[in-house]
Every structure is written in C-alpha cells, then in structure tokens.
Amino acid sequence: MSLIDLAPTNTKRAPENAARSFKKFLSAEGVTWEYLEVCMTRENAPLVLEAVVDKFGMSLAFKEGRKGQLLARHSVMQYYRQAKNWLLDQFPHLRSTTDKALLKKGQMLERYCMKRESGTFVNKAPACTKTALKKMVMHLYSTAVTATDYQDAALLCLLWFLFGRASDLTLLRKVNLSIGSGNIFFVRFIRVKTSEEQGLSLFPDEDFATCPLLAIALALATQSAPTASLLNQLPTQQAISQATLTPTAPLIDLMDHPEHVAPMGKKEVTTPQGFIATSIGF
C-alpha cells in the first residue's frame, strides 16, 4: 500500500476519463491512436503534438454537455490538463520541448472560458489590436519632423507591449519611478514571473512598424539630429502566410503539416524564454 492508494477515487479516475475523452476526440476526427504514435516519431513531433492539443482544446471550448450547454470552465480545464499530462507521459521525450507551449495554450483556453457568458464573450471595450498599433506608429513615422515625434512612437509601442500585458506592471511602485537631470523620466521594469512563465517583456518584432526595440533605437538616434530624412529607408516587410486554425480544420491536416497552420490565439504575442530588467529613459 502506498500514498497513491489513499487518493480519492475521483482523483484516480480523472486521468482515465481524460484519456478516454481524448481518444474519443481522435476517433471523431478520423485519426487512429496508432497513427498519432507514428507521428510522434517524426522530426517535427513537437509541432504535431502542439497542433493536436490545440485542436483538442478548441473542441473542449465549444463542446456541449448532456443538457445542451457548454461545458463549465472547471470541466474544460480538468479535461485539458489531464489529457495534456497523459500525453506527455505517453511521449516523455517531447515534454521538455512542448511543456511551455502547452502551458500557454492552457492559459489562453482558461481565459476564454472565464470571459464567455452563455456561449459569448462578456461585453467589453474593444482592445487596441496590433493592426491599430501599426497604423498609429506608421502615421507617426511618416509625419515625424522632430525628436519628440519619434519619442511618441516609442512610448506608444511601450504602452502597447508593457501596459497591455497586466503581469508587467502589477508590481510597479513609486520606488521604480525617477526623474533625472534634464527632466528625463525613467521607468524601471522588472518583470516577476514563475518558472513556468519566464519570458522577455521587450523583444524584436518581425514587423518593423511595431517593434519596440526599433522604436526605442529610433528615438535615441534622432535625439542628436531630429530629422525624418535620416531614417527614410525602411526594411521591406516579409509577410508569412499561415492558415488559420478553426474548429472545422481537419486534425489529419494539422498532424501532417503543423508548420503551415497558425494555432488558436496566434494573435497574442509570444515571447522567447528569458528574464529582463529594463531601464528606459527619454
């Protein structure tokens, strides 16, 4: 007899129920467990596993219970976490490469379930999207004539990347603020996260118009020579086309070509692993 035997019966059954639910999901998608095992031996196995779990999470988000109502948030997350842990136990060689990505997918799924009400989102003011940010920054760049204009663009990017993410400024206190000589205002960001959520607050963006590091560099470069003509050559933006993941997307396509599919929640900005303490001054 061990401590495992002392666990409640429901706790023991949870992994079994999650595994049964996942296999039922595979069957509904026309995919066999044997084919999934073959896919886990490929070179792109981490991408395949992420795509499969992503699709499974989407099915849970829109799954209806016995009474025709959407599953409760607790039920959705219980199925998701138990199925995820069960899959990682079945394929332990993928745990180190997919654990962080699957954790983030679970967080997005939980936020969605918390916000929905009767199958719809709670009414809230529209958020400032990255497309809107790009339009505002491009307008500032195209009409900039002084160093202040480039500083405004840099501050706009910082507001979007830092204030738009609650975990960055939750612990901001007066001691983190200071005004130096020349009326320079300093904000020191030290992002505190758990070991599972480590990531940079500021990072290079594929789109130059919304890259916070480029915006800071432009603001600093134009302080000594405030003229727009110095920076009139902008890099050509390379658009990367990916198919959007939808509830109707065939699972077999995601497993065979996971790199060509943008997963659910792709619009949210992902960050590389690391930790940063930044001092920014204008």
**Q.** Pairwise label distance in nanometres, Lys100 with Met114, each label 7 Å out on the Cα-Cβ vector
**A.** 2.2
Q. Can you give the extra length, in nm with one decimal, that the chain gains between Lys24 and Val145 once fully stretched, where that is 0.36 nm per residue apart less the Cα-Cα distance?
A. 37.4 nm
Q) Where does each of 91-101, 49-59 land if you order them by average Cβ count within 10 Å, highest first? A) 49-59, 91-101
Q: Beyond 24 Å between alpha-carbons counts as too far, so tell me which of Lys67/Lys115; Lys84/Lys130; Lys105/Lys135; Lys55/Lys134; Lys67/Lys100; Lys24/Lys115 fall in that bin.
A: Lys84/Lys130; Lys105/Lys135; Lys55/Lys134; Lys67/Lys100; Lys24/Lys115
Q: Provide the per-residue ³J(HN,Hα) series for the range 149-162, in order, calculated from phi with Karplus coefficients 6.51, -1.76, 1.60 and θ = phi - 60°, each as a whole number of Hz, with x at glycine and proline positions.
A: 5, 6, 5, 4, 5, 5, 5, 4, 5, 5, 4, 5, 7, 9
Q. How big, on average over all directions, is the shadow cast by the Cα convex hull of the range 3-123, in nm²?
A. 8.9
Q: Please work out the FRET efficiency for the pair Gln223 and Val38, using the Cβ-Cβ distance as r and a Förster radius of 35 Å; give the result to the nearest 0.05.
A: 0.05
**Q.** For Leu70, distant residues with modelled amide H under 5 Å away
**A.** Gly65
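Taken together, the values in this text are just the output of simple stated rules run on the coordinates, not laboratory data. Being a predicted model, the structure only gives us computed values, none of them experimental. Because the Cβ atoms are built from the backbone with ideal geometry, glycine has one as well, and the counts that use them run over all protein chains shown.
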